[in-house]
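Worksheet: one structure, shown below.
The values are calculated or read from the model by the stated rules, or taken from the named source; none is laboratory data. These numbers come from a predicted model, not from an experiment. Note that we place each Cβ from the backbone using ideal geometry, even for glycine, and neighbour counts take in every protein chain shown. All accessible areas refer to the heavy atoms of the entire protein, side chains included, with ligands and DNA or RNA removed. Shrake-Rupley method; radii C 1.70, N 1.55, O 1.52, S 1.80 Å.
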Amino acid sequence: MPASQALLVLVVLMLLQLALSTTSTGTSTSTSTSTATAHHDSVTKAKAKTKTTLYPDFQVLNVKQALTETKTRPMAPSQYQELFKINPNDSESGGKKTLKLVHRDKVSFSSKLHHNHSHVFHARMQRDVKRVAGLVHRLSSGSTAKFEVEDFGSDVVSGMNQGSGEYFVRIGIGSPPRSQYMVIDSGSDIVWVQCKPCTQCYHQTDPLFDPEDSASFMGVSCSSAVCDRVENAGCNSGRCRYQVSYGDGSYTKGTLALETLTFGRTVVRNVAIGCGHSNRGMFVGAAGLLGLGGGSMSFMGQLSGQTGNAFSYCLVSRGTNTNGFLEFGSDAMPVGAAWIPLVRNPRAPSFYYIRLSGLGIGGTKVPISEDAFQLNELGNGGVVMDTGTAVTRFPTVAYEAFRNAFIEQTQNLPRASAVSIFDTCFNLFGFLSVRVPTVSFYFSGGPILTLPANNFLIPVDDAGTFCFAFAPSPSGLSILGNIQQEGIQISVDEANEFVGFGPNIC
């Protein structure tokens, strides 16, 4: 065969191979974790074995679908309540209790503003900045403030405003149970609800909870051990009083009580809750908050014996018609998850810290010192998982290296101006889909979490502007926000001090 023909054949074969490789990459739209560790049944998990799976360096972002979801009209509260009706065929085996979990944007508590995606986005980002600033202030080395129950709930309140990034469950309060919308927060250590008589209350969808109508409501005395666990507790007419104040001027205050909470068919008695008689702020719709933090007064802290100090959740993606879930109990710990150590910060016991060793773009680890993500002896830095923060933050040096690596591999995409807190945006108007590099989190011990494309390139309007959904932290603190957590099952095993990612999605 002449040399020219041989060369032609070789070129054709190379082009065919390239085409096949591109097709294979394009069909992989998302991944969850690139490792599967030993079964959770091995509670010691001292040296969990891992199995590495290789993922493509690129994946496809469905631009058309993402833009369609920005136009999804939220449901009315009456429709939302249908989601929480108990299915008699549902089972609650062993110690596993399940609740449905829905993104706040899926429910319309007001006829205003909700259908303008750009307005909802900007309002959400403004609240997110306030929340992060609050967390950083409380965790900064220069702060002399005590780390109290109210310290870490503050910015959650402003996050309950219209279009916020909060996630709702519906539970029953009292006997007989009165159904109420509650915001979950992994960084809060208090359960509270608005109560009658109310000298000042914000608007909520359901009627105010009336302790007089509950046979199980019991006030807590000032001499009670429960009252002693509340920071800065007060006393009035022999009853324990609480006050949770917030950085933006919002607050809730009232009496502490023991009450019965109902989760589906599961009844939990004698839960210490705040019964708020004076509440101020932009809560809009929700009756209160279900704190899932690591402190003793959170829902998890109070029920550690019944739940095995374990819960699992999956935050449903925005704009979709699916539901997430929140499960309690050791039986909720999945087999096949990628498990990493849970880290405790004595200065912030409410929060769940994890060990991050690096970041990856397009299958390549970005050259960032692991020290950028470490929690030091003074309790500064580290990586917090937070359901109340929307956008993941990294220290500036780490963020810039991470962002620059992403820009380097997306030079073929048309750029757009910065939007809100995002400095890296693209004009994808007219595109049906685009190929983008993978984005991965490298955890200490080996596991790698590779995010779905929708979790790091998000629409900020309905005209085709998409932004890289990360931002620099104003301090050394890193925060794993709920946008990056969406659609991935996350499990917290406090008893054995592990956090799991996957294997299920929602």
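Filtered by the rule that a residue be over 22 Å from Gly382 (Cα atoms) and touching a Pro at 6+ places or on another chain (Cβ under 7 Å), the range 466-488 gives Phe466, Gly487.
Filtering the range 431-446 to residues that are closer than 19 Å to Trp339 by Cα and open to solvent by 30 Å² or more (accessible area, probe 1.4 Å) leaves Tyr442, Gly445, Gly446.
Considering the conditions (1) of a type in the set (A, V, I, L, M); (2) crowded, with 21+ Cβ neighbours inside 10 Å; (3) over 23 Å from Asn482 (Cα atoms), Ile354 is excluded by exactly one of them, (3).
Scanning the range 362-378 for residues that are part of a helix (DSSP H, G or I), free of Cβ contacts under 8 Å to residues at least 40 places away in the same chain and open to solvent by less than 30 Å² (accessible area, probe 1.4 Å) yields nothing.
Here Ile483 meets the list (1) open to solvent by 10 Å² or more (accessible area, probe 1.4 Å); (2) within 25 Å of Ala133 (Cβ to Cβ); (3) outside any strand (DSSP E or B) almost entirely, failing just condition (1).
Going by what's in this entry, would Asn454 be described as over 20 Å from Gln59 (Cα atoms), in contact (Cβ under 8 Å) with a residue 40 or more places away in the chain and polar (S, T, N, Q)?
Answer is no for this residue.
Summed over the range 379-393, residues that are farther than 21 Å from Phe121 by Cβ and open to solvent by less than 10 Å² (accessible area, probe 1.4 Å) total 5. When the range 191-200 is filtered for residues that are buried (at least 19 other Cβ atoms within 10 Å of the Cβ) and either modelled with pLDDT under 90 or touching a helix residue (DSSP H, G or I) at 6+ places or on another chain (Cβ under 8 Å) (or both), the ones remaining, listed by number, are Val191, Cys195.
Would you check if Thr262 is farther than 19 Å from Pro349 by Cα and either crowded, with 23+ Cβ neighbours inside 10 Å or of a type in the set (Lys, Arg) (or both)? It is false that Thr262 is farther than 19 Å from Pro349 by Cα and either crowded, with 23+ Cβ neighbours inside 10 Å or of a type in the set (Lys, Arg) (or both).
Across the range 171-190, the qualifying residues are those that are in a strand (DSSP E or B) and at pLDDT below 90, and the one among them that is surrounded by the most Cβ atoms within 10 Å (Cβ to Cβ) is Asp185.
All conditions in (1) modelled with pLDDT under 95; (2) buried (at least 21 other Cβ atoms within 10 Å of the Cβ); (3) farther than 23 Å from Arg344 by Cβ hold for Pro474, with the sole exception of (2).
For the range 397-411, the count of residues that are within 21 Å of Gly187 (Cβ to Cβ), β-branched (Val, Ile, Thr) and at pLDDT 95 or above is zero.
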